[in-house]
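In what follows, a structure is listed as structure tokens, so that the remarks can point back to it.
What follows draws every value from the coordinates through simple rules; no lab data is involved. Everything numeric here is computed off the predicted structure, so don't read it as measured data. Cβ coordinates were reconstructed from backbone atoms using ideal geometry, including for glycine residues, and neighbour counts include every protein chain displayed.
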Amino acid sequence: MSERVAVYIDFDNVVISRYDDVHGKQAWRKDDPRQHGQPTGSKDPIDTKLLAARVDIGAVVDFAASFGSVSLSRAYADWSVPVNASYKTELIERSLHLVQLFNASGVKNGADIRLAVDAVEDLMRHPEITHVVLVAGDSDFVPLAQRRWPRVASSSAGTSLASESPVRRAVSTRGYATSEVGCRESRNEPPGAASRCPRLVR
């Protein structure tokens, strides 16, 4: 049976984590760049900082494809927010399905619950899936990453938190790669090795 991959991206979380990686802890909270759309040629300092921390969608998709043929790929976010909307064309060109989640409480959009439910349902409905790639940056998905699926060959977690991500510690298979949201460098390295790039874990 050929390798089939399902990809799930908590996109709000990845954008925020990448911004904080580049500009310092809590930078997103301080700058509040949600309403900035990164227009071409803008000299606004927030737009400039967003451009410097732009997520490399190609690196994420290429990493997922290294496991096999990508059968399902979903990105979860409030796509009405300008900073997220600035990625829509690129994501659609990469054949990702955009899942719209509004902030019902004004703070949280429920992406973690929706993503987990979709992942479990997809594994039940699609027996051809052999690998799961989870792209996130916090501890919300640790229970999902720890789950040992009888049919899935390996569980993969991508995170833009470079060092001690709870998701990274929870995954079942311990290969390390640095091709991720912000850079294209790729190599195998042991846990704790220094790197300027955010890491994906598989």
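Counting other C-beta atoms within 10 Å, which of Ile113, Ile57, Ile9 has the fewest, and how do the rest follow?
The fewest-first ordering by Cβ neighbours comes to Ile113, Ile57, Ile9.
Cβ neighbours within 10 Å, averaged per peptide: list 86-97, 17-28 in order, most packed at the top.
By packing density, highest mean first, the sequence is 17-28, 86-97.
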